């Protein structure tokens, strides 16, 4: 039984053992096919395993395929397992994210005496990675040495896509209840995003203590970028579980100098949904933390272009200059145009080191440009903050908008919290860490959105023009939408043009509790100015196909379905011409 307990401790096996296991007091014989097995960060999709020999020297051969965290892995080789001393040595070769790997020395693992110790020396591509790790209760220590290895397979482990070379060392160790460590890493000819045009050379030096993180970064690119960055930031660290996070309640300090094109530096910031182009120039010092921001310096971009892929918003001819002083941030200049016309300007900044406001003016600007939604608007939005509290207020007037319902057909999928009781292996899993209390409240919203008309909905069998009078409230974490959407011109049924009817008075009262995740529940009603003959028509039109797809159909249409059938038929004979 000792062999069975040792195997179970090393692997979580919701797997299929398709071959028998033979166990005698002196030897073990195992032939197995494993499927969907997990051991730490290693997830085995399928594997074949054969083990035979005495308990102190079990000779094993294996062939597996799966994933190391998020990187595809295929590996085959041999191992020698000593169950008496609870140790193993592994040798083999395979591929990691399509890069060849093989062991330069046996991988050793020791799980005896209440500790876990591992040592790795492998070739990755034409480079070398050596690592050691030891963990005993809440005490841990680890180090890694990378010698001119390709970035791609190592980045794939963490779900990133990158090319280039990496060389350097890292170390980490427990220190009391926190962590300490250091790093010295060099990236050569690196590209960390598919949109990055020029390769990036970067040297990173860091030092970690339980409460502070200091770092120095120097970066250059083929396009002429020269950047230098130094930081001394407050952090919170934990050894069990391993955690490093910025401490927002304490202050830090940073110094920067940037000259050259923005593309490579922006791509290195790992913001895949946005892109920034233009010539950057700036330098200075900044102090930050606990709602405090001040410094001395400036940052400027000339002839820039910004694109947000989520909203489709694009800014061209972007010229901006931001200054830092003892009060904080001041926008000295910020102007941009849209590719289809329009103008955007921003003014404002910090009034003191803890308080300020920024106002954005939009003039005939396209604020959404996606296949399913396009909108042109004008208005003014103001962001104010004091310490860790902020609010967004203003007015937005929609000049024209087109919403294609059919091009965005996915439905909202609710998320259910599930509590599993007495699940096999539950006792072996670490307890979930309680989330830290939220220090910074979400931004308060109070924005009025109006449109006198020319808001068109198309698709799902109904085309209509709407006038809007809405208010965006709540917070950025839980936005709320209130107001009225009124059909401003007519409804048209493309499937049956003969049934298109003039309609100028129906409206829907809108109230949404989660504007960002689901379609709002609309309650049809008639306008006070509607005539007696148009009221039932408004009810009928409000029951058209788009509204009928609302997930809360019964509550939405209680008023519609409550219309007496005799009254409705009498009105229909009187008001509608016969076909």
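Among the residues of region 85-98, those identified as in contact (Cβ under 8 Å) with a residue 40 or more places away in the chain and either surrounded by fewer than 18 Cβ atoms within 10 Å (Cβ to Cβ) or more than 37 Å from the chain's Cα centre (by Cα) (or both) are 86, 98. Would you confirm whether any residue within region 468-479 is closer than 30 Å to residue 137 by Cβ and either touching a strand residue (DSSP E or B) at 6+ places or on another chain (Cβ under 6 Å) or at pLDDT below 80 (or both)? Scanning region 468-479 turns up no residue that is closer than 30 Å to residue 137 by Cβ and either touching a strand residue (DSSP E or B) at 6+ places or on another chain (Cβ under 6 Å) or at pLDDT below 80 (or both).
Any residue at all in region 308-317 that's under 30 Å from residue 401 (Cβ atoms), at pLDDT 90 or above and more than 27 Å from the chain's Cα centre (by Cα)? Yes, because at least one residue in region 308-317 is under 30 Å from residue 401 (Cβ atoms), at pLDDT 90 or above and more than 27 Å from the chain's Cα centre (by Cα).
Tell me, please, whether a residue that is crowded, with 20+ Cβ neighbours inside 10 Å and over 21 Å from residue 132 (Cβ atoms) can be found in region 171-188. Looking for residues that are crowded, with 20+ Cβ neighbours inside 10 Å and over 21 Å from residue 132 (Cβ atoms), one finds at least one in region 171-188, hence yes. Within the set 222, 218, 232, 273, the sole residue that is at pLDDT 90 or above, surrounded by fewer than 16 Cβ atoms within 10 Å (Cβ to Cβ) and on the phi < 0 side of the Ramachandran plot turns out to be 232. Name the single residue that is nearest to residue 387 (Cα to Cα) among those in region 346-358 being modelled with pLDDT of 85 or more and buried (at least 16 other Cβ atoms within 10 Å of the Cβ). Residue satisfying both the conditions and the ranking: 356. Please verify whether residue 265 is at pLDDT below 85 and surrounded by fewer than 16 Cβ atoms within 10 Å (Cβ to Cβ), treating the condition exactly as stated. No: the conditions fail for residue 265. Could you please give the count of residues in region 132-191 that are assigned to a strand (DSSP E or B) and closer than 28 Å to residue 225 by Cα? Count: 23.
The residue list 111, 133 contains one member that is surrounded by 14 or more Cβ atoms within 10 Å (Cβ to Cβ) and touching a residue at least 60 places away in the same chain (Cβ under 8 Å), which is 111. Do we find that residue 128 is buried (at least 18 other Cβ atoms within 10 Å of the Cβ), in contact with a strand residue (DSSP E or B) (Cβ under 7 Å, 6 or more places away or on another chain) and either within 26 Å of residue 30 (Cβ to Cβ) or not assigned by TED's automatic domain parsing to the domain that holds residue 30 (or both) in this structure? No: the conditions fail for residue 128. Whether any residue in region 435-444 is outside any strand (DSSP E or B), modelled with pLDDT under 65 and more than 23 Å from residue 391 (Cβ to Cβ) is what I want to check. Looking for residues that are outside any strand (DSSP E or B), modelled with pLDDT under 65 and more than 23 Å from residue 391 (Cβ to Cβ), one finds at least one in region 435-444, hence yes. Taking residues in region 56-81 that are in the same structural domain as residue 27 (by TED's automatic domain parsing) and touching a residue at least 40 places away in the same chain (Cβ under 8 Å), and partners anywhere that are part of a strand (DSSP E or B) and surrounded by fewer than 17 Cβ atoms within 10 Å (Cβ to Cβ), the pairs with Cβ atoms closer than 6 Å and at least 6 places apart or on different chains are 68/42.
Residues considered: 304, 328, 289. Of these, the only one that is under 27 Å from the mean Cα position of the chain (by Cα), surrounded by 15 or more Cβ atoms within 10 Å (Cβ to Cβ) and at pLDDT below 90 is 289. Just give me the residues in region 82-125 being assigned by TED's automatic domain parsing to the domain that holds residue 48, over 22 Å from residue 61 (Cβ atoms) and in contact with a helix residue (DSSP H, G or I) (Cβ under 8 Å, 6 or more places away or on another chain), in sequence order. Within region 82-125, 97, 98, 99 qualify. A single member of 244, 331 is within 20 Å of residue 208 (Cα to Cα) and touching a strand residue (DSSP E or B) at 6+ places or on another chain (Cβ under 7 Å), and it is 244.
When residue 294 is tested against the conditions (1) in contact with a strand residue (DSSP E or B) (Cβ under 6 Å, 6 or more places away or on another chain); (2) within 29 Å of residue 168 (Cβ to Cβ), the lone failure is (2).
The values are calculated or read from the model by the stated rules, or taken from the named source; none is laboratory data. Keep in mind it's a predicted model, so treat the numbers as computed, not measured. Positions of Cβ are generated from backbone atoms using ideal geometry, with glycine treated the same way; all protein chains shown enter the neighbour counts.
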